[in-house]
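This report refers to the structure that appears directly beneath it.
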Amino acid sequence: MAMLSRASWGLSRSLRVGGRCFSAAPQHDTQSAARLWKILTFVVALPGVGVCMLNAYLKAQHHSHERPEFIPYSHLRIRTKPFPWGNGDKTLFHNPHVNALPSGYEDIEH
């Protein structure tokens with residue numbers, strides 16, 4: 001029992017004094033770290049954003065703007081209760097060219 005109390009006393013003393021530093025990383029100068037991240041931002045991040053923007057633009061140029069054919073699947077466009085705006089059948093950000101109602105597209109007469 002005495003051995004356990006000595007071990008716990010030694011552990012609590014080491015924790016109070018400051019204990020052991022578990023970080024093995026060397027201390028760096030903050031100026032050099034800031035310079036490194038600034039260089040990485042201008043050399044890697046900004047050109048990467050530019051390449052992604054170019055890719056999105058080129059994909060949009062080749063994208064077909066035709067709307068898909070309306071197929072009345074039973075599990076899509078379910079309206080169990082009306083929406084609280086408008087006539088209750090259209091979603092909040094409804095686009096008649098792209099979004100179909102349960103009966104089909106608005107501009108096509110059925």
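Of note:
- Extension gain (nm, one decimal) between TYR105 and TYR73, 0.36 nm per residue minus Cα-Cα: 10.1 nm
- If you take all other residues with their beta carbon under 13 Å from the beta carbon of ARG79, and give Lys and Arg +1 and Asp and Glu -1, the sum is +2.
Computed from the coordinates by the stated procedures, all read-outs in this text should not be read as laboratory data. It should be emphasised that the depicted structure is a prediction, and the values quoted were computed from it without experimental measurement. Neighbour counts are summed over all protein chains in view; Cβ atoms, including those assigned to glycine, are modelled from backbone coordinates with ideal geometry.
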